[in-house]
Amino acid sequence: MDHFDCRDGVLHAEDVSLETVAAEVGTPAYVYSTATLTRHYRVLAEAVAAWPDALRRPLIAFAVKANGNLAVLATLARLGAGADTVSEGEIRRALAAGIPADRIIFSGVGKTDAELAFAVTAGVRQINVESRPELDRLAAVAAGLDRTVEVAMRVNPRVGAGGHAKITTGGAADKFGVAPEEALALYAEAAAASHLQPVGLACHIGSQITDLEPLRAAFGVLREMTQTLRGQGLAVTRLDLGGGLGVPYVGGAATASPADYAAMAAAVMDGLEVDIVLEPGRLLAANAGVLLTRVVHVNVRPDGRRFLVLDAGMNDLMRPALYDAFHDLKPVRAMPGEATPHDVVGPVCETGDTFARDRPLPPVQAGDLMVFTGAGAYGASMANEYNSRRLVPEVLVDGDRHALVRARPDWDEMLARDRVPEWLRQGDSPLSAPR
Ligand code: LLP
């Protein structure tokens, strides 16, 4: 459920008209709903609150990669969320948004020594180790800082799942994690290292998973490994089940509910006595955001093909170009009239900048406002400035309040990031003025 509804014929985010937002901020722009973020967090929190006592203190660590805006993170922080992070930048964002270090998980296959040192010094709760070379480097970094670090071994359970091959992470050929047998060996090695404290196991098998079976299989691998390690006298007090639960990108699409997911996890882990970490990203944020865009024009070719050209491009919302992802597209002002097929495209100079082919749409015209729904996760966080288009701004709505939570850079800001060396600043060129 979300809080984007039509009122008096105009789409609103909670109590704020998207026409008002467009007039103030311009387009394209992301708009997020606090009530929706809150609702999604609470639904999951309530589902895990129903767990038996043996699954202690579940931590919901929001995957910052889904939406790293500080205002979004601060919203979730106030609800009690932790953060799943994959870079120093994401750790810095989580801390800046008020998420305490002891609720921050650090994952990722290519953490540098500098990033590991940063995380150790910041005192993050847990570092999820993804390979033998990383374990060796972390042991050295922790020893160098004389700090003991709690680690979880990220297991590659050889169960891949997800909405697209590019977002599947748990398959044997995927770069993530270590195979179960190797993870057992590394766990024992970590236990013997002077500055590492292995506390548990982690897995994350993919994203936009709509069926619980692959998750059940992966969690079963973690359960079995936990028992094996305990049988060897090693402590396993924490299991990190990753993220991955999918969302309905169109109303009524079949996806497993958070309640079913939580019940399944509890059933697999029954009686284990472990703290559980969850790392949802999309589940909390996707349907809490829309991308607001304006129709540049409708180009009807002589052969009848209708191109709906928007002012948002693949640089603002990459998912359709990267994963053939479906995002619903709606006019902001309710529009009567028969729907006809349109090819929906952006202004970027690539054929990949196509959001949809043959999408039935009402008779929209130049200047009309529209939204892509389900854009609150992996939307703004993946946006870029390709074609020298300014980075898309973000707006957070809360009831009848709204605030610009990331401004569109002005042109000078964009150009000032580049530096032109002295030898090219000659003569009357505008580049000769010092920057
Ligand atoms: N934990 C780890 C270790 C992850 O790698 C990810 C996502 C998550 C948690 C959160 O997964 P979620 O709950 O959001 O499914 N850009 C792609 C999605 C890539 C996800 C990568 N890892 C997309 O737009 O679909």
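Relative to its residue count, segment 224-383 spans a Cα convex hull of 145 Å³ per residue.
Annotation: for a label point projected 7 angstrom from Cα along Cα→Cβ of Met1, residues of segment 21-39 with backbone N closer than 19 Å are 33-39. If a spin label sat at a point 7 angstrom from the Cα of Ala179 along the line to its beta carbon, the backbone N atoms of segment 113-156 nearer than 20 Å would be those of 129-136, 153-156. Among the chymotrypsin sites (Phe, Trp or Tyr not before Pro) within segment 300-351, not one is in coil by DSSP while having at most 14 neighbouring Cβ atoms inside 10 Å. Considering only Val371, Val43, Val397, the mean-square fluctuation computed in a Gaussian network model of the chain, springs between alpha carbons under 10 angstrom, is largest for Val43.
Could you tell me how many degrees, from 0 to 90 and to the nearest 10, lie between the Cα long axis of helix 70-79 and the main elongation axis, the longest principal axis, of the Cα atoms of the chain? Helix 70-79 sits at roughly 50 degrees to that axis.
For segment 34-282, the residue among Gln197, Gly242, Leu184 whose Cα projects farthest onto the positive side of the dipole built from Cβ charges is Gly242. Ranked by the mean number of other Cβ atoms within 10 Å per residue, highest first, peptides 309-321, 47-59 order as 309-321, 47-59. Note on the chain: lysine pairs with Cα distance below 20 Å, sequence gap of 8 or more or different chains, count 5. Please determine, in degrees from 0 to 90 and to the nearest 10, the orientation of helix 113-122 with respect to the longest principal axis defined by the Cα atoms of the chain, where the helix direction is its Cα long axis. For helix 113-122, the angle is close to 80 degrees. Taking the Cα centre of segment 51-200 as origin and assigning +1 to Lys and Arg Cβ atoms and -1 to Asp and Glu Cβ atoms, the resulting dipole is close to 500 debye.
What does the accessible area per residue of the chain come to in Å², with a 1.4 Å probe and no ligands, DNA or RNA counted?
Details: 18320 Å² over 435 residues.
Value for the chain: 42 Å² per residue.
Within the listed set Ala217, Ala288, Ala13, the residue fluctuating most in the Gaussian network model of the chain (springs between alpha-carbon atoms under 10 angstrom) is Ala217.
Compared with the dominant principal axis of the Cα atoms in the chain, helix 132-145 is inclined by about 80°.
Scale the Cα Rg of the chain by the rule-of-thumb value 2.2 N^0.38 Å and send over the ratio, two decimals.
1.06
Charge dipole (Cα centre; +1 on Lys/Arg Cβ, -1 on Asp/Glu Cβ; no other charges) of segment 53-104 amounts to roughly 100 debye. Think of each Lys and Arg Cβ as +1 and each Asp and Glu Cβ as -1; about the Cα centre, that makes the dipole of segment 151-204 roughly 240 debye.
The values are calculated or read from the model by the stated rules, or taken from the named source; none is laboratory data. The structure presented is a predicted model; accordingly, all values stated were derived computationally and were not measured. Because the Cβ atoms are built from the backbone with ideal geometry, glycine has one as well, and the counts that use them run over all protein chains shown. What goes into the accessible areas is simple: the full protein's heavy atoms, side chains included, and nothing from ligands, DNA or RNA. Shrake-Rupley method; radii C 1.70, N 1.55, O 1.52, S 1.80 Å.
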